[in-house]
Amino acid sequence: ISYCFDTESGSLRYAWSGGFLDLEPTWHERGASPPNLIGTRFFTASAGAAWRLDESDKAVTLRFRGYELVQGLPVFRFTIAGTEVRQRLDAEEGGLRIRLERLSGTDPLQLRVPAGLRVQPPGTIAADWVALPAATSGPLELFLPGPAPAGSGEATKANPNPP
């Protein structure tokens, strides 16, 4: 499983399984053509803001602070309206686990939860939004199911956003 993380929105943009990227279109003229994705896309984020402070849908200021490698995997760091957040994405059998951790702040920060994601521990999802717990409450984990294994007959259930 591979994925694209958007540093401007602080969220997963899309995920796919199979190959990685064909970078040949980028070799001749920088920025002229994007690389080709090799594999099957099983998730594409919907348009619109990924984060908000409350139900008002006011735009929030997000600032990407970089990433660090933890056990060989990137952990993305950013602030949202002054709240420090870390996000780790782990490919695992059956899908992609997204672990979000608030490091500071008390604002009622919420994340848009795309269809098909499971929240752990089970939290209240209101109109496709889930609250990020306080720093003392531990991380919020989401699980995005990947494509169903070939021949399982489950492809449409496990793939809510076909390519």
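The values are calculated or read from the model by the stated rules, or taken from the named source; none is laboratory data. If you're wondering where the values come from, they're calculated on a predicted model, not measured in any experiment. Glycine gets a Cβ as well: all are built from the backbone with ideal geometry, and neighbour counts include every protein chain shown. Ligands, DNA and RNA are stripped out before the accessible areas are found, and what is left, the full protein with its side chains, is counted by its heavy atoms. Shrake-Rupley method; radii C 1.70, N 1.55, O 1.52, S 1.80 Å.
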How many residues of region 36-54 are assigned to a loop (DSSP other than H, G, I, E, B) and either in contact with a Gly (Cβ under 9 Å, 6 or more places away or on another chain) or in contact (Cβ under 8 Å) with a residue 40 or more places away in the chain (or both)? The answer is 9
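Does at least one position in region 91-103 carry a residue that is among the aliphatic types (A, V, I, L, M) and in contact with a Cys (Cβ under 8 Å, 6 or more places away or on another chain)?
No.
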Go through region 4-59 and give me each residue that's at pLDDT 80 or above, under 24 Å from Ala115 (Cβ atoms), open to solvent by 70 Å² or more (accessible area, probe 1.4 Å) and of a type in the set (A, V, I, L, M, F, W, C). Ala47
Can you find a residue in region 79-97 that is open to solvent by 50 Å² or more (accessible area, probe 1.4 Å), part of a loop (DSSP other than H, G, I, E, B), in contact (Cβ under 8 Å) with a residue 12 or more places away in the chain and under 15 Å from Leu12 (Cα atoms)? no
Looking at (1) part of a loop (DSSP other than H, G, I, E, B); (2) over 12 Å from the mean Cα position of the chain (by Cα), which one does Leu69 not meet, given that it meets all the others? (1)
Of the conditions (1) over 20 Å from Glu8 (Cα atoms); (2) touching a residue at least 40 places away in the same chain (Cβ under 8 Å), the single one that Thr26 does not satisfy is (2)
Within region 98-133, the residues that are open to solvent by 60 Å² or more (accessible area, probe 1.4 Å), assigned to a loop (DSSP other than H, G, I, E, B) and either touching a His at 6+ places or on another chain (Cβ under 7 Å) or at pLDDT 85 or above (or both) are Leu103
Within region 140-163, considering residues that are at pLDDT 70 or above and open to solvent by 40 Å² or more (accessible area, probe 1.4 Å), the one nearest to the chain's Cα centre (by Cα): Glu141
